[in-house]
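To start, the structure under review is shown below, and the notes come after it.
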């Protein structure tokens, strides 16, 4: 039983890390209508910033500074925000699908940089011996995992609280106004470009934080951690959970990652090993079918957007 | 009263027996990319693992228990692979597992599961050199496939033997591809042959015209292509259609009919490549025969033989280990190849023989489907290599480079 518990601790940790990514995406897409198809790129910037700053020094690497993990986490957010600002400053004027194509291209570029800038990123061999958060304070893996989960829960709670505050403020209402009708928002004197850029930078910084937390948890990073499938997963989570609702974003992370893993366990439990290869194909079909079914059942996500968000009005 | 008591006692004894039985079956995990870009080569590898567990069970299992093989799919995704490993170790309580193929998935598993949880991991196929070299695995990671170095040195000696000059190298930009290139460059420098251009490529693209054009711009007379079958089909087609030389060397992954048929058999005549040798002999034949009998297809393909050995070595080590904990199994892994041990081979009968020897406290020496398996201090194996070539639309073995030749080769290069 303790084994099941410690697996669930691990599972919950992955869900919370992905949850932070989806919260970031929700700010961008759910509230502001920015079609970011390069989620994994910002996740990668955060992950690599953390790894490069905290990895134990190694000859032949220009990074590997061996800094403290807390510094790594903060720097990951800061560097990702900076990168998002630079990228956003150039691309944020693009609408809808144009921004999607651009951001997808940027994410692929970032992954290729991590693959090819060997001196900094370790190239395809990646980086290891990272400064794992909390690792020094706990000697058993179980204690480390439990403590990490608590830390993640605290971070997610903080992020959730902060986002809710922001989105229920006038600032948040402007984002929605831009999403619904940018021209009308501009006519009311709002600087749409500035608001879009702010939402883009904050959302991306959250993705970077999640990347750093993931890499710190695993203790190893390589370019193969940042394949485009992660962007797809984050989108599936947001849409299934409920775009425009932060609780929906977190729930979506839980449900979609749950489908991903439970289907795998179900296949192993129900089929003999001789059919495992066919079962794995069935698992992929199951994941797709479950996502389609969820969307047929609840087209606006499990928890849709709230109609009224201001505490000054009652409906 | 006495009857009642004895009945009660026998019930107790039964219950006791049942609880002793509760440790059975012994669970061993497996993680392989059954879906995703590796799926075409994984099918036979998974079958090979399954065959090995069948042989183990037919030959007496582990410590008197049958072994249950729990196989999970990693989809070629690191997060999914780590989740599968965590599930196997925590929920199913496996003390050891075999897997996986992509180094990008094996790396995070070693770091997040294998080393901290102290379970034994034996891979059939992950060749990235740093995994065993820098102590990150705590000694819990083993592999039955010689690292890229063996293959790269063998490739260099073969291209030198065939008089390759002005070679273009197109390689997949992964740890595997980079290792292969680095070791090939090192060996080619000593053995003769020169590289005119090195072009990395990223996998799963629809076209490689840019890479091929860049390689051809250096006017190469021959090509060494290091990569995976699906992309290699595209690359070779573009290479040939743009007028590239038909002197082409390949790596082990292309030793599959998917590659030959993908390009078209008539175009790849006389292409050759390396693989870890299936040393000839009774043990290898026994494995090949068993594989063919069960799956009605030949056992040729990357990873098939190394996967069988990975599982068999694990089975033997688990019997030698004083208990079924990860550390005990780790310590037993090197005892399957005792210098003065009685040789044992592949198949259920040989496994049974090995168990009897172990029970009698005598040392054993396992000669597997890839020849003698001897883990060095890092958990790596060295092994013989073979040269294969495509002839008449079929994949044939050209010649074998024995362990002795390989050792001599290592001395010349290093």
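Where a number appears in this text, it was derived from the coordinates with a stated rule and is not lab data. All of these numbers come straight from a predicted model, not from anything done at the bench. We place every Cβ from the backbone using ideal geometry, glycine too, and count neighbours over all the protein chains shown.
Quote the relative contact order of chain B in percent (integer), defining contacts as alpha-carbon pairs under 8 Å separated by 6+ residues.
Rounded, it is 17 percent for chain B.
May I ask you to derive the FRET efficiency for residue B:322 and residue A:269 from their Cβ-Cβ distance with R0 = 35 Å, giving the value to the nearest 0.05?
About 0.65, to the nearest 0.05.
Sort the following peptides by mean Cβ neighbour count (other Cβ atoms within 10 Å, averaged over residues), highest first: A:251-258, B:73-80.
By packing density, highest mean first, the sequence is B:73-80, A:251-258.
Per residue of A:126-135, what is the mean number of Cβ atoms on other protein chains within 10 angstrom of that residue's Cβ?
Whole-number average of other-chain Cβ neighbours for A:126-135 is 3.
Just the number, please: percent antiparallel of the DSSP beta bridges in the protein assembly as shown, rounded to the nearest 5.
Once the DSSP bridges in the protein assembly as shown are tallied, antiparallel ones form about 35 percent.
Using the basic label-point model (7 angstrom from Cα toward the beta carbon), what is the residue A:90 to residue A:296 distance in nanometres?
About 4.3 nm, to one decimal.
Return the FRET efficiency for the residue pair residue B:391, residue B:349: r is the Cβ-Cβ distance, R0 is 35 Å, and the value is rounded to the nearest 0.05.
The calculated FRET efficiency here is 0.50.
Indicate the gyration tensor shape class of region B:355-414 (rounded, prolate or oblate), computed on the Cα atoms with a ≥ b ≥ c the square roots of the eigenvalues: a/c under 1.5 is rounded; otherwise a/b larger than b/c is prolate and the rest oblate.
It is oblate, given that a/c is not under 1.5 and a/b is not larger than b/c.
Describe numerically, in nm with one decimal, the distance between label points set 7 Å from Cα along Cα→Cβ at residue B:331 and at residue B:408.
Using points 7 Å along Cα→Cβ, the separation is 4.1 nm.
Before anything else, pin down the relative contact order of region B:285-364: Cα pairs under 8 Å, at least 6 apart, normalised by residue count, whole percent.
25
Calculate the FRET efficiency for residue A:74 and residue B:190 from the Cβ-Cβ distance with a Förster distance of 51 Å, rounded to the nearest 0.05.
0.55
Could you work out how far the C-alpha centroid of region B:43-65 sits from that of region A:56-133, in angstrom?
So the separation of the two Cα centres works out to 44 Å.
In degrees between 0 and 90, to the nearest 10, how far off the longest principal axis of chain B does helix B:39-58 point, with axes built from Cα atoms?
That works out to roughly 30 degrees.
Please state the shape class of region A:101-152: rounded when a/c is under 1.5, otherwise prolate if a/b exceeds b/c and oblate if not, all from the C-alpha gyration tensor.
The shape class here is oblate.
In whole angstrom, note down how far apart the Cα centers of region B:96-112 and region B:170-207 are.
What the calculation gives is 24 Å, centre to centre.
Going highest first, how would you order B:121-131, A:15-25 by mean Cβ packing within 10 Å?
A:15-25, B:121-131
Provide a whole-number value for the mean count of partner chain Cβ atoms within 10 Å of the Cβ atoms in peptide A:283-294.
Counting other chains' Cβ atoms within 10 Å and averaging over A:283-294 gives 1.
If packing is taken as the mean number of other Cβ atoms within 10 Å per residue, what is the order of A:177-187, B:298-308, B:96-106, highest first?
Result, highest mean first: B:96-106, B:298-308, A:177-187.
Just counting partner chain Cβ atoms within 10 Å, what average do the residues of peptide B:131-137 show around their Cβ?
Mean inter-chain Cβ contacts per residue within 10 Å come to 2.
Points 7 angstrom from Cα along the Cβ direction at residue B:295 and residue A:101: gap in nanometres?
About 4.4 nm separates the two model spin labels.
Rounded, prolate or oblate: which fits the protein assembly as shown, taking a ≥ b ≥ c as square roots of the Cα gyration tensor eigenvalues, rounded meaning a/c under 1.5, else prolate when a/b beats b/c?
oblate
May I ask you to derive the relative contact order of region A:7-227, considering only C-alpha pairs under 8 Å and at least 6 residues apart, and to give it as an integer percent?
Computed over region A:7-227, the figure is 42 percent.
Would you please state which residues of region B:70-103 a label at residue A:2 would reach in this model, taking the label point 7 Å out along Cα→Cβ and a backbone N cut-off of under 19 Å?
Answer for region B:70-103: B:86-96.
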